[in-house]
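See structure below.
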Number of protein chains: 2
Amino acid sequence: MSKQENTSKVRVFALGGLGETGKNMYVVEVNDEMIVLDAGQMIPEDDMLGVDIVIADISYLVQNQERVKGIILSHGHAEHCGALPYVLKKLQVPVYGTKLTMGLIEDDLKTHHLLKKTEIKIVSPGDRVKIGNVKAEFFRVSHSIPDCIGVAIDTPQGYVVYTGDFKFDQTPADRKFADTGRMTEYGKKGVLCLLSDSTNAELPGTTPSEKVTEPGIKAVFREALGRVIVSTPSSNVYRIQQAMDAARETNRKVAVVGEAMKKVINISKRLGYLRVPKNLMINVDELANHKGEKIAVLTAGSQGEPTSALHRMAKGTDRQLSIMPKDTVIISAIPTPGKEKSIGRVVDFLYKVGAEVVHSDKDVNVSGHASQEELMLMLNLMKPRHFVPVQGEFRMQIAHGNLAQTTGVHPERVHLLQNGEVLQLEEKNATKSTKVPAGNVLVDGLGIGDVGNIVLRDRRLLSKDGILVVVVTLNKKANTFVSGPDIISRGFVYVRESEELLDEAKQKVTETLRECMNDNVNEWSSLKSNVRDVLSRYLFDQTKRRPMILPIIMEV
Amino acid sequence: MSKQENTSKVRVFALGGLGETGKNMYVVEVNDEMIVLDAGQMIPEDDMLGVDIVIADISYLVQNQERVKGIILSHGHAEHCGALPYVLKKLQVPVYGTKLTMGLIEDDLKTHHLLKKTEIKIVSPGDRVKIGNVKAEFFRVSHSIPDCIGVAIDTPQGYVVYTGDFKFDQTPADRKFADTGRMTEYGKKGVLCLLSDSTNAELPGTTPSEKVTEPGIKAVFREALGRVIVSTPSSNVYRIQQAMDAARETNRKVAVVGEAMKKVINISKRLGYLRVPKNLMINVDELANHKGEKIAVLTAGSQGEPTSALHRMAKGTDRQLSIMPKDTVIISAIPTPGKEKSIGRVVDFLYKVGAEVVHSDKDVNVSGHASQEELMLMLNLMKPRHFVPVQGEFRMQIAHGNLAQTTGVHPERVHLLQNGEVLQLEEKNATKSTKVPAGNVLVDGLGIGDVGNIVLRDRRLLSKDGILVVVVTLNKKANTFVSGPDIISRGFVYVRESEELLDEAKQKVTETLRECMNDNVNEWSSLKSNVRDVLSRYLFDQTKRRPMILPIIMEV
């Protein structure tokens, strides 16, 4: 790479991200060749009713697929690689990632019949590769899952560096350190633009090491009088290792509940990222053969997800396992914003059963994302000319941008990227002149993008006050009712206790239709809208509710 | 009162409270006479779709109304008095509360045509009253609204004390101190049972005074280059006063957006709880006549409520006001659990517009509830024989119970009350032998309690995948279709892009009905369930969605 004059074109943009800013898929374009950084899935917002996951709009990539040279995955979390199958269905390009990352996504690709046709490139930190004509180098970072990398893309104007999710862990559980040496070197050679993780940019200080939870978890295992149940994100291999080690030390057998966690344990064991002591694991149905104080259970559900085994175990509705008095439950996870209440609900259930609960406790919990001091360290190592805060919510990116300024990045070279905004980088200045198609695509069942505003608006209406279907068969020639009107409601009122209301409503429909027929108003649309108006007004008067009203008028 | 032998019957129970424990309406029964403590409304849980508010089941009170002697309101927050109109409709009993509390609820009672027929008893801290044959005394506590009281009910076995919401504020904004003297005296005379606020029982230390936000808010007003918008709960009279004082000092005019806050300001000004400087207030439509740095705006919406003016102002959809670059927005409220995300969303909108935002900042925010040190102080002053943690979630009540034990309350005399569990108190021991009808009643529009499990289940189904209505008119004698089948869907798929799917579905319905008719299956219920099954299977295969299916078969 060189800093001398050049005419290279370097562009950076985000393709998707809920909220006000891109965050789960970035693209770096060097002289018309595109490298995709991560392909994450997002959890739908509360008002995206019935939606399973949200992914980025990749129509720009599809339209320009000959220019897309590869996808690089920074690590194995779903927020960073969960959209991969959806992308690969439309775009056949090589995928780069470390051994564990690729191991974790293989299953997903198999399910989508994509494994065989996908060119998978397993890379290691320190590797340099050429993707198209673009040179990229991977460097190790620390996070809450092993085998995480950042990427330095070598452009004629300097490096474009993407950190992925990271923190500076000075006592990493696997003794593999973030490669500050390489980072320093990028900084020396010249970083044109740094894209850095903003998740904890509002938190002062330094995020503790993954290691800090080790004594906390061991202490709980030692002191627990009965079973210990550890709930942690299924991908947190470090935490799983700590729980297994604690179980071994306290002579407990370990059972795992939940397919996702079983999968992660199998893969990371097979690939050498998890040491599972011999004779430690038992099946859930063997638990009954052991005393409580000889048992530990590993499970997910640490965000209080109502569909999780932990939630069911707490409520006593799980087929395999119920929480009992004397059980000790460790909830080892940082609450995702918005999940505080559902976690609280599970904790309440657990207490109600009589279990001990260790939660929101610094001894068993630690974030995987860098706090302000570490973010400034990254900025100081890289000394970027331009800075793009990535990940996190808009306000966190704002906070990160402010931090960058305190480390000396010029305010005009801090760029917040909304979805689709293209940052065109030159050494001296940068412009945001163009936009590419971008945004969020909702996945519901097999449908990708077919649930849009109209469907969501209807679901919201239906969820609030239900629906009322009015059916009537008319003989318009004879001006008579052949059958009905009948009213069927769902989600509106409890029908058995509202007979009077619904009878009266039926009466209103009959009157309205009679009047229309007498006045010779007999276009479908007028009949329907009259029925809808009269009924809507009547029901609102009587109940102050506004159910969706669906008049169906059949003709014979 | 006396401690000598007696045969009095004292019972304590809770009638409602979301989650695992009673928390918004308590009843103390002394020798068969009942005193109701607070009548609060609760915010519905996320899965109570379309429900407006939740109140306690008062059927036990209604069944025994001759024994209900009065309702005491501890303070003017909706969580403590918002259910009053619903209670008074069924139960005509005197209501006791301080001047501000009663002032705030009068409007509500007027709306419900209850003001004239309700016996309102305005009391002051220190007052002793006889309610039926029961003697009660009110004592001042501090909280985030003026004029808060606790209640000491004098029973032959000792006092039953209800703290209401409180903290120990050593520098109260109105210089009115919590009456620790009276509390000490109750303790000396003998407290049979203490019911104390558990909201912050998980937080170590001491909650700061309401006063601490004064310099923080003033500093923001001084430094803001443009308009200052202060968002705070509409009932927080202290915070409103601070904002008004800060506005006066910085020569800003103040406009109020939102009816609820206007109402609180008018009432508290009229009753002497708020000093509004002369010439301070202007109307929103006068804002344009003043420069930004001469303007402050007060509004609610501090929990990020999507229906609030602040939310609309941030998104630029409010009729009256839009947030602009250079505006400074102070969000002065402690996030309610579960609201962190909606607050974050508003903050993001505000940043996106280019406003300065001061939020989740200790300088502009303070809780109104006692932390652990204060809770222990209350326990030590009262030295209760029995202890019932009230308010807050189950886990907070558990934490509060643990605190009580550290102050010397015997573990067997700490009682967590679930809704309807009756704690029968004797000086030495207490029993939880009986239950009274209790629980939560959902209010939706004018309906009180008519939205139950069936309606909610339907709303949940509808919200996830929408509805599909199948209509067909049959001539069963002739075994022919007279009209249809027609399919109408809402909230399922975007119809214009799913014509093929819906045509095929129609085909399936026709085939199914034909087969049934050929096989002489022609009971309504079989026809319908066949249609439902076939369609449900087909649609799930094609879309992996499960819309509600409503077959309507008409006959001519």
**Q.** A:Gly19 of a type in the set (Gly, Ala, Ser), open to solvent by 10 Å² or more (accessible area, probe 1.4 Å), modelled with pLDDT under 90 and under 30 Å from B:Leu462 (Cα atoms)
**A.** yes
Q: Inspect all residues belonging to segment B:51-72 and state whether any of them is within 20 Å of B:Lys339 (Cα to Cα), buried (at least 21 other Cβ atoms within 10 Å of the Cβ) and within 14 Å of chain A (Cβ to nearest Cβ).
A: yes
Q. Taking segment B:338-356, which residues are at the interface with chain A (Cβ under 8 Å from one of its Cβ atoms), out of contact with any His (no Cβ under 6 Å at 6 or more places or on another chain) and open to solvent by less than 20 Å² (accessible area, probe 1.4 Å)?
A. B:Gly344, B:Asp348
Q) Which residues, taken from segment A:326-337, are away from chain B (no Cβ under 12 Å) and open to solvent by 30 Å² or more (accessible area, probe 1.4 Å)? A) A:Lys326, A:Ile334
Q: Determine, yes or no, whether A:Ser322 is surrounded by 24 or more Cβ atoms within 10 Å (Cβ to Cβ) and among the polar types (S, T, N, Q).
A: no
Q | Elements of type strands (runs of 3 or more DSSP E) contained in segment A:38-132, each with 2 or more residues being over 16 Å from A:Val27 (Cα atoms) | A | A:53-56, A:120-122, A:128-131
Q: Only residues that are farther than 12 Å from B:Asp486 by Cα and not polar (S, T, N, Q): list them for segment B:499-523, please.
A: B:Glu499, B:Glu500, B:Leu501, B:Glu511, B:Leu513, B:Arg514, B:Glu515, B:Cys516, B:Met517, B:Asp519, B:Val521, B:Glu523
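Every residue, every condition in (1) more than 8 Å from chain B (Cβ to nearest Cβ); (2) crowded, with 20+ Cβ neighbours inside 10 Å; (3) in a helix (DSSP H, G or I), yes or no:
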site: A:Ala438; (1), (2), (3): yes, yes, no
site: A:Leu442; (1), (2), (3): yes, yes, no
site: A:Val471; (1), (2), (3): no, yes, no
site: A:Leu474; (1), (2), (3): yes, yes, no
site: A:Ser483; (1), (2), (3): no, no, no
Q: Please find, within segment A:470-510, the residue that is farthest from A:Leu550 (Cα to Cα) out of those that are charged (D, E, K, R) and either in contact with a helix residue (DSSP H, G or I) (Cβ under 8 Å, 6 or more places away or on another chain) or in contact (Cβ under 8 Å) with a residue 12 or more places away in the chain (or both).
A: A:Lys476
Q) If you scan segment B:143-156, which residues turn out to be open to solvent by less than 10 Å² (accessible area, probe 1.4 Å) and in contact (Cβ under 8 Å) with a residue 40 or more places away in the chain? A) B:His143, B:Ile145, B:Pro146, B:Cys148, B:Ile149, B:Gly150, B:Val151, B:Ile153, B:Thr155
Q: Out of B:Glu412, B:Glu373, report the one residue that is of a type in the set (Asp, Glu), touching a residue at least 12 places away in the same chain (Cβ under 8 Å) and in contact with a Ser or Thr (Cβ under 9 Å, 6 or more places away or on another chain).
A: B:Glu373
**Q.** Odd one out for A:Glu504 among (1) closer than 20 Å to B:Gly447 by Cα; (2) not in a helix (DSSP H, G or I)
**A.** (2)
Q.
Test of understanding: among A:Lys269, A:Lys218, A:Lys211, which residue is modelled with pLDDT under 95, surrounded by fewer than 22 Cβ atoms within 10 Å (Cβ to Cβ) and either closer than 24 Å to A:Pro172 by Cβ or of a type in the set (A, V, I, L, M, F, W, C) (or both)?
A. A:Lys211
Q: Take segment A:521-551 and flag every residue that is among the basic types (Lys, Arg) and surrounded by 16 or more Cβ atoms within 10 Å (Cβ to Cβ).
A: A:Lys528, A:Arg532, A:Arg545, A:Arg546
**Q.** Breaking point among (1) within 23 Å of B:Phe139 (Cβ to Cβ); (2) among the acidic types (Asp, Glu); (3) surrounded by fewer than 16 Cβ atoms within 10 Å (Cβ to Cβ), for B:Asp46
**A.** (1)
(Q) Going through B:Val364, B:Val388 one at a time, which residue ends up being more than 28 Å from A:Arg345 (Cβ to Cβ) and open to solvent by less than 40 Å² (accessible area, probe 1.4 Å)? (A) B:Val364
(Q) What pairs come out if I take residues in segment B:530-553 that are away from chain A (no Cβ under 13 Å) and closer than 25 Å to B:Asp519 by Cβ and pair them with residues that are of a type in the set (Ser, Thr, Tyr) and open to solvent by less than 30 Å² (accessible area, probe 1.4 Å) whose C-beta lies under 7 Å away, six or more apart or interchain? (A) B:Asn530/B:Thr512; B:Val531/B:Thr512; B:Val534/B:Thr512
Q | Residue count, segment B:112-137 (criterion: touching a Ser or Thr at 6+ places or on another chain (Cβ under 9 Å) and open to solvent by less than 30 Å² (accessible area, probe 1.4 Å)) | A | 2
Q) Does A:Asn440 satisfy the condition of being polar (S, T, N, Q) and either in contact with a helix residue (DSSP H, G or I) (Cβ under 9 Å, 6 or more places away or on another chain) or not assigned by TED's automatic domain parsing to the domain that holds A:Ile53 (or both)? A) no
(Q) Exactly one condition in (1) away from chain B (no Cβ under 14 Å); (2) assigned to a loop (DSSP other than H, G, I, E, B); (3) farther than 25 Å from B:Val357 by Cα is false for A:His369; which is it? (A) (3)
Q) Which members of segment B:498-526 meet the condition of being of a type in the set (A, V, I, L, M, F, W, C), more than 46 Å from the chain's Cα centre (by Cα) and under 21 Å from A:Val469 (Cβ atoms)? A) B:Val509, B:Leu513
Q. Any idea how many residues of segment B:450-469 are within 8 Å of another protein chain (Cβ to nearest Cβ), free of Cβ contacts under 8 Å to residues at least 24 places away in the same chain and open to solvent by 10 Å² or more (accessible area, probe 1.4 Å)?
A. 3
Q. B:His359 passes all but one of (1) more than 14 Å from chain A (Cβ to nearest Cβ); (2) open to solvent by 10 Å² or more (accessible area, probe 1.4 Å); which number fails?
A. (1)
Q: With respect to B:Lys110, determine if the residue is without any contact (Cβ under 8 Å) to a residue 60 or more places away in the chain, assigned by TED's automatic domain parsing to the domain that holds B:Val30, among the basic types (Lys, Arg) and closer than 20 Å to B:Ala260 by Cβ.
A: yes
(Q) Taking the condition of being within 17 Å of A:Glu202 (Cβ to Cβ) and open to solvent by less than 50 Å² (accessible area, probe 1.4 Å), how many residues in segment A:391-427 meet it? (A) 16
Q. Looking at this structure, is A:Val95 under 24 Å from A:Asp147 (Cα atoms) and at pLDDT 95 or above?
A. yes
(Q) Among (1) within 12 Å of chain B (Cβ to nearest Cβ); (2) at pLDDT below 95; (3) open to solvent by less than 40 Å² (accessible area, probe 1.4 Å), there is one condition A:Tyr494 misses while meeting the rest; what is its number? (A) (3)
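The values are calculated or read from the model by the stated rules, or taken from the named source; none is laboratory data. Just so we're clear, the structure is a prediction, and the values are computed from it rather than from any experiment. Backbone-built Cβ (ideal geometry, glycine too); neighbour counts: all protein chains shown. Remember, those area values only see protein heavy atoms, side chains included, never the ligands or the DNA or RNA. Shrake-Rupley method; radii C 1.70, N 1.55, O 1.52, S 1.80 Å.
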